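Have a look at the structure below before the remarks.
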Amino acid sequence: MKIALITGAGGLIGSEAVARFATEFDQIIGIDNDMRSYFFGAEASTNWNVNRIKEQIANYTHYNLDIRNLEGLEKVFNEYGADIKLIIHTAAQPSHDWAAKEPLTDFGVNAVGTLNMLELTRKYSPNAVFIFTSTNKVYGDNPNYLPLIEKETRWEIAESHAYFKNGIDEQMSLDHTKHSVFGASKVAADIMAQEYGRYFGMSVGVFRGGCLTGPNHSGTQLHGFLSYLMKCTMSGKAYTIFGYKGKQVRDNIHSHDLVEMFSKFYQAPKQGEAYNAGGGRFANCSMLEAIALCEEISGKKLNYTYSDEARIGDHIWYVSDVSKFQKHYPNWKYEWDLKSTLVDMYNKIKL
């Protein structure tokens, strides 16, 4: 028996991973208790996606479990044990703003939940490949101190700093910076995942995502940038840009392309390696550029306002340098550019 266990199975990346690996594994075990609706309200619920997966994936088994529940998780690991060959841990509290409201919950889910998963893997499935979805927010606001120049529609790295021409790599410091409470809890999980790989010799990969996106994202104001932006453009719902003149830059990676990174890592795993995983120079945009694209694709104007107050820990310019992963796994490549990703959303989002 060959089993893949996926946490956050109803979320954007989790559900993409379920679909991707269902044909390669005898059974997919999904763990998701719809905490997203607790974080962000009913519109962010992932139940619709879990129900879709149950209907479409015949070899899928679902567990409504909180990853902070060590006893509950241990029952699952005890049942399947060494048959678990792949673990993709995507479950998380993903918002800066929300984390500040309930730091104990945020740290419990992001840090303690990840430690639970790592330790149970070591105890019951030590030969499994463990993939952890981290975030570029582990770098805190260090990227904001790079030399940037203001252009018509975006901020951009100064040409004098050629080292960053392909984006920010994994050598960016995680220290001496403001992360936000969310960023700090993800740093704890990120470092612990690396440590289980390096200290215990486990096959662990850490993927520091940029903006992860795709049509199965339950986007809200506090999380899910492109998905929520397209929803607002399509529906006429009011949208707010927070700070930096709307010229802040994000790289965006389609969930399909990220899960393909996971697949390559699974086929040739390493022990505690960390990779930046975003759209890089292939797919990035400023807020203003994203709005223009959404309006072009939908044929509607976005109803938006601007606030001078930027979100705490928000990046002014962040583009992932993915050259390390490309060097380790040269057969991986992007398939979804920014416009095709937004068209995909437009065609599949149900208002």
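Descriptive notes on the structure:
- Per the conditions (1) among the hydrophobic types (A, V, I, L, M, F, W, C); (2) touching a strand residue (DSSP E or B) at 6+ places or on another chain (Cβ under 9 Å); (3) at pLDDT 95 or above, the sole criterion not satisfied by residue 82 is (2).
- Any chance residue 172 is over 27 Å from residue 116 (Cα atoms), surrounded by 14 or more Cβ atoms within 10 Å (Cβ to Cβ) and at pLDDT 95 or above: yes
- Considering the range 223-244, the residues that are assigned to a helix (DSSP H, G or I) and either among the hydroxyl-bearing types (Ser, Thr, Tyr) or at pLDDT 95 or above (or both) include one that is nearest to residue 349 (Cα to Cα), namely 227.
- Some residue of the range 129-141 being assigned to a loop (DSSP other than H, G, I, E, B), in contact (Cβ under 8 Å) with a residue 12 or more places away in the chain and under 18 Å from residue 315 (Cβ atoms): yes
- Flag if residue 119 is more than 26 Å from residue 66 (Cβ to Cβ), more than 20 Å from the chain's Cα centre (by Cα) and surrounded by fewer than 22 Cβ atoms within 10 Å (Cβ to Cβ): no
- All of (1) crowded, with 22+ Cβ neighbours inside 10 Å; (2) on the phi < 0 side of the Ramachandran plot; (3) touching a Lys or Arg at 6+ places or on another chain (Cβ under 9 Å) hold for residue 8 with one exception: (2).
- Of the strands (runs of 3 or more DSSP E) entirely within the range 251-341, those holding at least 2 residues that are out of contact with any Cys (no Cβ under 9 Å at 6 or more places or on another chain) and farther than 30 Å from residue 23 by Cβ occupy 284-286, 304-307.
- Candidate set from the range 305-339 (those that are of a type in the set (Gly, Ala, Ser) and under 19 Å from the mean Cα position of the chain (by Cα)); member that is nearest to residue 161 (Cα to Cα): 320
The values are calculated or read from the model by the stated rules, or taken from the named source; none is laboratory data. Owing to the predicted nature of the structure, the values given are computational and were not obtained by experimental measurement. Here the Cβ is made from the backbone with ideal geometry for all residues, glycine too, and neighbour counts use every protein chain on show.
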